[in-house]
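S.K.: Here it is, the structure, as structure tokens.
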Amino acid sequence: MPARLANIQALRGLAALMVLFAHVKEAEIDYGGAGVLLPHWLYMGVVGVDLFFLVSGFVMVHVASAAPRGVTAARRFAFNRAARIYPLYWAVTLILLALYAGKYALFQEATPFPNPVRTFLLLPDDHYPLLPVGWTLVHEMYFYAVFSVFILVQRVKAATFLLIWAGVVLIANIFGWTSMNAWSKIAFSPLTYEFIAGAIIA
């Protein structure tokens, strides 16, 4: 891995840690009672989500641009991306499923049970996955799917592809198509611009 890309990957790891600390702080407030110990500025870690998407876009351009084009390459890219996310995510989700079934205190009584197929495959849903922070992975899987299309399509430059993608998202937001259903909320989310911005910077 080139040194520049390794540094960017490290930045993505930092972003993930920022989000983790923000959630730890949130959990302390929800379940820690009066004994709050962690500083409130840890909440600022939520900006790590934006940084994570930005860096993901940067990395994806390097990975996808270096890949050959065509059906086989697109299938391989999609498989490799899924293999990086699903195994650990499934393991954690199964643990949470057992806790949910046991009505563990981690879940509020009003917590709706998400669609099992969508939550395991990280597909858009009207509810958060059983692992709440998994909503970011839903966006990541969408980004991977779009870049699989980029690899599939022949003779399309990355810059042209990104501009078309950004234009579609912009038009969808102008005409209010983002609220049609769970799929449109993900496909046309303004968060997509962060991913595209990272890709353009690359």
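S.K.: Size of the dipole of the chain about the Cα centre, Lys and Arg at +1 and Asp and Glu at -1 on the beta carbon, nothing else charged, in debye to 20?
M.R.: Dipole magnitude for the chain comes out near 960 debye.
S.K.: Rounded to the nearest 500, what is the 222 nm mean residue ellipticity of the chain from helices alone, with -39500 (n - 2.57) per DSSP H run of 4+ residues and division by all residues? Walk me through the numbers on the way to the answer.
M.R.: Values: 8 runs with 138 residues, N = 202.
Here the helix-only value at 222 nm equals -23000 deg cm²/dmol.
S.K.: Can I ask one more? Hey, in the GNM for the chain with a 10 angstrom Cα cutoff, which one of Leu97, Leu170, Leu37 fluctuates hardest?
M.R.: Of Leu97, Leu170, Leu37, the Gaussian network model singles out Leu37 as fluctuating most.
S.K.: Inverting the mean 1/r over all pairs of different Cα atoms, compute the Kirkwood radius of region 3-201 and quote it in Å.
M.R.: 18.5 Å
S.K.: Identify, among Ile196, Leu152, Ile174, the residue whose Cα sits farthest towards the positive end of the charge dipole of the chain, taking +1 on the Cβ of Lys and Arg and -1 on the Cβ of Asp and Glu, with the dipole about the Cα centre.
M.R.: The residue sitting most towards the positive pole is Leu152.
S.K.: Springs between alpha-carbon pairs under 10 angstrom, Gaussian network model over the chain: which of Leu152, Leu99, Leu123 fluctuates most?
M.R.: Leu99
No lab work stands behind these numbers, since they all come straight from the coordinates. Given the structure is predicted, the values throughout are model-derived calculations rather than measurements. Ideal geometry is used to build each Cβ from the backbone, glycine not excepted, and the neighbour counts take in all protein chains shown.
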